[in-house]
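Asks: Shown below is the structure under consideration.
Here, each number is a calculation from the coordinates, and none is a lab measurement. Computed from a predicted structure; not experimentally measured. Every residue, glycine as well, gets a Cβ built from its backbone with ideal geometry; the counts of neighbours run over all protein chains shown.
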Amino acid sequence: GIITMEVASGSNTDEYFQTNFYSRNDTLDKTTLKFFSPAINYELNTLNRKEYASSGVRLHASARFVASREYYYPGSTAISTTNSQYNHSWLQLNVSYENFYEKIGPVHLGLYTGLYYSTQRYFNNYTSTLLSAKAFQPFSESAILFLPQFRANKFISAGTKNVLTLRKNIDFRAEAYMFLPMRAIEQNFATRKPVRADKIYAYSLGTAAVVFHSPIGPISLNLNYYNGESKPWSFFLKFGYLIFNRRPF
């Protein structure tokens, strides 16, 4: 395994509406977070592929401290009309484990477990709090969607990852996960402030995919399911790798 240490410093800006009812003349709310964040990471990775692996083990663990200042600028649809600033500091621990533990003929059986724990407090409003919270995104399409029910400051997750090798470079994958936030983040609709859920919720998500491992990257056709969405099923066709600017935490 490899141990690394890092220090991140900079700012991140999110622009958003706090309501689904707005016009083209409305202006967005804006939250800017200026931060300083040291971290230590451990990684053990023997997976056979960067994405859509079918063998090996990956263990990732990180501990991070964040000192930051939040700047909130309301848009035209916001309840508040006053700019505001808040100081935040928190600790976060992130551990994930993935293991393809058994091969039975062309079938590879795998499991996934994860734990995320953060002392981060709520931001100015519900939307900015969700945007700053950790997202559980175990497969490709989930990384490009905003799914409030799969975001939290504290959660555990677990799942299965099963792969059937059809040809040398063609796999069929079936993955299913459970996401359990430790008190989900809910909204007070009158004030648009975040509040802690009174109940304990559990959400499921999964994907079934046919994947071709081409010389220039994977090509996949995916059927995905997201518990808690009004339209929980989706199709997703992907060529190559999804590339994002890396958020520091």
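Asks: By the scheme Lys and Arg +1, Asp and Glu -1, what is the net charge of all other residues having a beta-carbon under 10 Å from that of Val211? Walk me through the numbers on the way to the answer.
Replies: Details: positive: Arg49, Arg173, Lys238; negative: Glu51, Asp171.
Result for the local shell: +1.
Asks: Rounded to the nearest 500 deg cm²/dmol, what is the calculated helix-only ellipticity per residue at 222 nm for the chain, with -39500 (n - 2.57) per DSSP H run of length n ≥ 4? Walk me through the intermediate numbers first.
Replies: Details: 1 runs with 7 residues, N = 249.
It comes out at -500 deg cm²/dmol, rounded to the nearest 500.
Asks: Given the Cα-Cα distance of Leu223 and Lys34 and 0.36 nm per residue of separation, how much length would full extension add, in nm? Write down the numbers at each step before the final one.
Replies: On the way: separation 189, 0.36 × 189 = 68.04 nm, distance 3.82 nm.
Between Leu223 and Lys34, full extension yields 64.2 nm more.
Asks: Of the options Leu44, Pro248, Ile219, report the single residue whose Cα projects farthest towards the positive end of the charge dipole of the chain (beta-carbon charges: Lys, Arg +1; Asp, Glu -1).
Replies: Positive-end residue among those listed: Leu44.
Asks: By the gyration tensor of its Cα atoms, with a ≥ b ≥ c the square roots of the eigenvalues, what is the shape of region 145-199: rounded for a/c under 1.5, prolate for a/b over b/c, or oblate?
Replies: Prolate shape, in that a/c is at least 1.5 and a/b is the bigger ratio.
Asks: If you don't mind, another one. Viscosity 0.890 mPa s, temperature 25 °C: what is the translational diffusion coefficient of the chain from Stokes-Einstein with a Kirkwood Rh over Cα pairs, rounded to a whole number of µm²/s?
Replies: For the chosen part, D equals 123 µm²/s.
Asks: Between Leu166 and Trp233, what FRET efficiency follows from the Cβ-Cβ distance if R0 is 35 Å, with the result rounded to 0.05? Walk me through the numbers on the way to the answer.
Replies: Working: r = 23 Å, r/R0 = 0.67.
That pair, Leu166 with Trp233, gives E of 0.90.
Asks: Summing Lys, Arg as +1 and Asp, Glu as -1, what charge do residues with Cβ under 13 Å from the Cβ of Leu59 carry, Leu59 excluded?
Replies: Values: positive: Arg58; negative: Glu43, Glu98.
Result for the local shell: -1.
Asks: Among Ser80, Ser62, Thr119, flag the residue with its Cα farthest along the positive direction of the charge dipole of region 46-123, charges on Cβ as +1 for Lys/Arg and -1 for Asp/Glu.
Replies: Ser62
Asks: Could you give the size of the charge dipole of the chain about its Cα centre, using +1 on the Cβ of each K and R and -1 on the Cβ of each D and E, expressed in debye and rounded to the nearest 20? Please report the intermediate quantities before stating the final value.
Replies: Details: 26 positive and 16 negative charges, 25 e Å.
Charge dipole, the chain, about its Cα centre: 120 debye, nearest 20.
Asks: Here's a follow-up. Answer with one residue from Asn188, Ser89, Ser157: the one whose Cα lies farthest towards the positive end of the charge dipole of the chain, charges on Cβ with Lys, Arg +1 and Asp, Glu -1.
Replies: The listed residue farthest towards the positive side: Ser89.
Asks: Just rank Phe123, Phe172, fewest to most, by other beta-carbon atoms within 10 angstrom.
Replies: On the way: Phe123 22, Phe172 15.
By the 10 Å Cβ count, ascending: Phe172, Phe123.
Asks: Within the chain, what is the longest stretch that has no trypsin sites (Lys or Arg not before Pro) placed in a DSSP loop and near at most 10 other beta-carbon atoms within 10 Å?
Replies: Working: sites that count: Arg24, Lys50, Lys168, Lys199, Arg246.
The segment 51-167 is the longest one with no such site.
Asks: Once you place label points 7 Å from the Cα toward the Cβ at Ser9 and Ala174, how far apart are they in nm?
Replies: That separation, rounded to one decimal, is 5.2 nm.
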